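Only one structure is covered here, and it is reproduced in the block below.
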Amino acid sequence: MSFIELKQITYQYPLDEQPIMKDVSLSFKKGKVYGIIGNNQAGKTTLCHIIRGFIPAMFLGELSGEVTYKNKSVQDYNIGELASEMGYSSQNPFTQISGVKDTVEEEIAYGMENIGVPPERMQKKVQELLHLFHLDDLKLKNPYELSGGQKQRVALAAVVALDPEVVILDEPTSQLDPKSTEEVFQIIAMLKEQGKTVIVVEHKVDLLAEYCDEIILLENGCVLKNGTVHQVLSDPSILEHGGSLPQVALFYLQQLHQMDQIPITMAEAIRKLKGVAHV
Ligand SMILES: Nc1ncnc2c1ncn2[C@@H]1O[C@H](COP(=O)(O)OP(=O)(O)OP(=O)(O)O)[C@@H](O)[C@H]1O
Ligand SMILES: [Mg+2]
């Protein structure tokens, strides 16, 4: 059964003269982690909005083609139903805060309140999430007083709180330090273990290499590459199209480039690598 399917999606924003997404067809399987990469303005956020059903509902414009989730058009789901199935954390953590809650604790509970989770279960879940996202010390703070990185963690906790089937994260680590970034990826791994499907827009390819199953490279609103993490992140041609390669892959390619002769025995290979890398 297809899980999330995009069929020949073309989309034009209301005041634009030409489409920003052009004939995009993609298929997402249940339980896999997908990384979306590409230059600024490549259309990564727009793609997330299309999958999540915000386009055309909220942004209007002209959408052709079809997006289906569990074999039903995303447009045919009611808003509440889709919101509880697909969690979404936006690129800008500042717009992600609800604005109606006074504390971090209440902010995380807000979505659960809306869908009628019983108070006792909600409290337990909030405490678990405060702990998981290292927010215990901030639980009584006003969400607006938090730093960008702290807001980002609260926004992510609020998404995870709703236990959605699909989690769409648009640059969830852009404001985070390396340690918190790694922790976000560990949470992504935890979500995968729970059978969730994760779609993450992210520039940090070293982490994508470790945690993703598949990578989609967008350029100018088109899918330029789409394949297993290994296929895409070991392909030097992506460097010319807004993609980047993990450090290890770059190092390896550099070594190959500098070798006058391809080694044919293990000893020769080690000698050559040592020679080139001065290790
Ligand atoms: N609401 C909007 N109305 C009109 N055009 C828009 C709107 N949002 C985005 N665009 C345009 O669509 C194109 C793709 O933008 P999008 O934000 O999807 O790219 P992105 O890959 O997420 O970029 P970034 O890396 O900067 O987040 C850009 O040319 C942008 O100017
Ligand atoms: Mg974006």
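Structure summary
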{"read-out": "The one condition in (1) hydrophobic (A, V, I, L, M, F, W, C); (2) open to solvent by 70 Å² or more (accessible area, probe 1.4 Å); (3) free of Cβ contacts under 8 Å to residues at least 40 places away in the same chain that Phe54 fails to fulfil", "value": "(2)"}
{"read-out": "Residue match in the range 156-174 (condition: polar (S, T, N, Q), modelled with pLDDT of 90 or more and under 25 Å from the mean Cα position of the chain (by Cα))", "value": "yes"}
{"read-out": "Test: residue in the range 164-186 that is out of contact with any Lys or Arg (no Cβ under 7 Å at 6 or more places or on another chain), closer than 17 Å to Ser244 by Cβ and β-branched (Val, Ile, Thr)", "value": "no"}
{"read-out": "Output for the range 130-145, where each listed residue is in a loop (DSSP other than H, G, I, E, B) and open to solvent by 10 Å² or more (accessible area, probe 1.4 Å)", "value": "His134, Lys139, Leu140, Lys141, Asn142"}
{"read-out": "In the range 253-271, the residues that are touching a Leu at 6+ places or on another chain (Cβ under 9 Å) and of a type outside the set (Val, Ile, Thr)", "value": "Leu253, Gln255, Met259, Pro263"}
{"read-out": "Near pairs, Cβ below 6 angstrom, 6+ apart or cross-chain, from the range 30-48 (at pLDDT 95 or above and of a type in the set (Val, Ile, Thr)) to any residue that is open to solvent by less than 10 Å² (accessible area, probe 1.4 Å) and within 11 Å of ligand 2 (Cβ to nearest atom)", "value": "Ile36/Val201; Thr45/Asp170"}
{"read-out": "Failed item, numbered, when Asn92 is tested on (1) in contact (Cβ under 8 Å) with a residue 60 or more places away in the chain; (2) within 16 Å of ligand 2 (Cβ to nearest atom)", "value": "(1)"}
{"read-out": "Some residue of the range 100-107 being within 16 Å of ligand 2 (Cβ to nearest atom), open to solvent by less than 70 Å² (accessible area, probe 1.4 Å) and basic (Lys, Arg)", "value": "no"}
{"read-out": "Index of the failed condition, Glu107 passing every other in (1) among the acidic types (Asp, Glu); (2) within 16 Å of ligand 1 (Cβ to nearest atom); (3) under 28 Å from Gly148 (Cβ atoms)", "value": "(2)"}
{"read-out": "Hey, Val159 among the β-branched types (Val, Ile, Thr) and part of a helix (DSSP H, G or I) or not", "value": "yes"}
{"read-out": "Candidates Gln75, Gln18, Gln12, Gln41 - the one that is over 13 Å from Gly221 (Cβ atoms), of a type in the set (S, T, N, Q) and either open to solvent by 30 Å² or more (accessible area, probe 1.4 Å) or within 16 Å of ligand 2 (Cβ to nearest atom) (or both)", "value": "Gln75"}
{"read-out": "Output for the range 1-32, where each listed residue is of a type in the set (A, V, I, L, M) and part of a loop (DSSP other than H, G, I, E, B)", "value": "Met1, Leu15, Ile20"}
{"read-out": "Of residues in the range 7-34 being within 22 Å of the chain's Cα centre (by Cα) and among the charged types (D, E, K, R), the one nearest to ligand 1 (Cβ to nearest atom)", "value": "Lys22"}
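The values are calculated or read from the model by the stated rules, or taken from the named source; none is laboratory data. Not measured: the values here are computed from a predicted model. Every residue, glycine among them, receives a Cβ derived from its backbone with ideal geometry; neighbour counts consider all protein chains shown. For accessibility, only protein heavy atoms count, side chains too; no ligands or nucleic acids. Shrake-Rupley method; radii C 1.70, N 1.55, O 1.52, S 1.80 Å.
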